[in-house]
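Please read the structure below before turning to the comments.
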Amino acid sequence: QVQLVESGGGLVKPGGSLRLSCAASGFTFSDYYMSWIRQAPGKGLECVSYISNSSVYTHYADSVKGRFTISRDNPKNSLFLQMNSLRAEDTAVYYCARDGSLDSWGQGTLVTVSS
Amino acid sequence: DVVLTQSPLSLPVTLGQPASISCRSSQSLVYSDGDTYLNWFHQRPGQSPRRLIYKVSTRDSGVPDRFSGSGSGTDFTLKISRVEAEDVGVYYCMQTTRWPLMYTFGQGTKLEIK
């Protein structure tokens, strides 16, 4: 079955960096677009970024453009999100999700940006 | 940009009773290929979201048939025919355009048991 497992979250100071990873299994990873969706504490869902199956196309929310970089390693079935210049407002649970229709989600990893 | 507006934002329901959530779009969601990419998700407390319905009315595998989606154009509805305890949580509608791929989520509707 489809499994997505995020890792890499944690506590970081404002201005710091983190790299999130998402390990995929149970499907042909290279066939699917992949996305990062975040949810701030007590808030709704926001699409942060997505990447096409061959990495040709990427998209970023305006709130993270220029600070976050999405990438993937298809042979290793892995999705990444490099987050730089982190701000307090980036504090959220970050989920990876499969496909443009978000048909499968991971359990999420918590990123806390605080001094 | 498309804006999705859900109502109500809070929905207290008695067990066994029906529930209905509305999702209205600021513009038509019919895409150039003729399909409408409007999905519904359910997020139980402390869990990640789970897709329930895609393309307006198609239930995902394993989703009970008490859940149904309907609508067209700019107005969409998620209905639960008889609410069960496991249905509590927040429901989100979401639309995608296909090219370029863009997502928009509704604000969420919190369903609780009276």
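Every number here is computed from the coordinates shown, using simple stated rules; none is lab data. This structure is a prediction, so every number in the text was calculated from the model and none was measured. Counting neighbours? That spans all protein chains shown, and the Cβs are built from the backbone with ideal geometry, glycine included.
Sorting B:TYR37, B:TYR31 on the 10 Å Cβ count, fewest up front, what's the list?
Working: B:TYR37 20, B:TYR31 14.
The order, fewest Cβ neighbours first, is B:TYR31, B:TYR37.
Partnerless cysteines in the protein assembly as shown, where a partner means another cysteine C-beta under 4.7 angstrom, comprise A:CYS47. Label zone of A:VAL5 (point 7 Å out along Cα→Cβ, amide N under 19 Å): in region A:78-115 this covers A:78-81, A:94-98, A:104-111.
Counting only lysines at least 8 places from B:LYS110 when in the same chain, those with an alpha carbon closer than 30 Å to its own are A:LYS43, B:LYS55, B:LYS79. From least to most packed, judged by other beta carbons within 10 angstrom and beginning with the fewest, A:SER63, B:SER25, B:SER20 follow the order A:SER63, B:SER20, B:SER25. The mean count of C-beta atoms from other chains within 10 Å of the C-beta of residues in A:48-56, rounded to a whole number, is 1.
What per residue convex hull volume, in Å³, do the alpha-carbon atoms of chain B yield?
Working: hull volume 11.0 nm³, N = 114.
Spread over its residues, the Cα hull of chain B gives 97 Å³ apiece.
Ranked by how many other Cβ atoms sit within 10 Å of their own Cβ, fewest first, the residues A:THR28, A:THR91 fall in the order A:THR28, A:THR91.
So how far, in whole Å, is the C-alpha centre of region B:14-76 from the one of region A:71-115? Result: 24 Å between the Cα centres. Globularity index of the protein assembly as shown is 1.01 (Cα radius of gyration / 2.2 N^0.38 Å, N = number of residues).
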